[in-house]
Structure formats: structure tokens, C-alpha cells
Amino acid sequence: MSQWNKLVDEIMKLNKNVRFEELAKVLIRMGYTQGQPKGGSSHYIFRKKGTPPISLPKATPMKRAYIELVRAAINNNENEV
């Protein structure tokens, strides 16, 4: 199993040890663009045309709710993973 498949598998299992950088990597590979925070915000916004934006904090550990957002994006875009 490749590193990419292992990463996607960890997200699908909702592993709480998944880091922000790994979630961002998956979203960017699926065609999302990453917006930098302004004014002291700790959340990064990932946008893709035709899908709702995903807001992720750059924090550790990553909360389950945020991992679930990325998992839902993977499920909705399975042909791009």
C-alpha cells in the first residue's frame, strides 16, 4: 500500500493522529485551493468550485469533526483521490 493510500485510509478511519498538513495535502490534491488566514485567524479555508468551503484550524491534535469534513470531501470526490 502506498503512502498516499495509507494517508487516505487513516482519514477514512478518523484517526485522531492525522495532522493539519496531511489533511491539507489531501484537499489540495483533490483540487481545493488553500486560503491563508488574515487578521490573526488560525483557520485555513479550502475552496473548490461547486463544493462548500472547508475551514480547518492549524492545531494539534486535530478534532474529529474536522477530520470528518475531509472524509466527507473524499467520499464526495472519490474519483479524484
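Pick from Pro37, Pro61: which is surrounded by fewer than 17 Cβ atoms within 10 Å (Cβ to Cβ), modelled with pLDDT under 95 and under 24 Å from Gln3 (Cα atoms)?
Numbers: Pro37 fails: under 24 Å from Gln3 (Cα atoms).
Answer to the selection: Pro61.
Which of the residues belonging to region 1-52 are within 17 Å of Glu78 (Cβ to Cβ) and acidic (Asp, Glu)?
Asp9, Glu10
Would you please name the residue that is nearest to Tyr66 (Cα to Cα), looking only at residues in region 1-49 that are touching a Pro at 6+ places or on another chain (Cβ under 9 Å), of a type outside the set (Val, Ile, Thr) and not in a loop (DSSP other than H, G, I, E, B)?
Phe20
Counting only residues that are touching a residue at least 12 places away in the same chain (Cβ under 8 Å), assigned to a helix (DSSP H, G or I) and among the aliphatic types (A, V, I, L, M), how many does region 50-81 have?
5
The values are calculated or read from the model by the stated rules, or taken from the named source; none is laboratory data. Small disclaimer: the values here were computed from a predicted structure and weren't measured. Cβ coordinates were reconstructed from backbone atoms using ideal geometry, including for glycine residues, and neighbour counts include every protein chain displayed.
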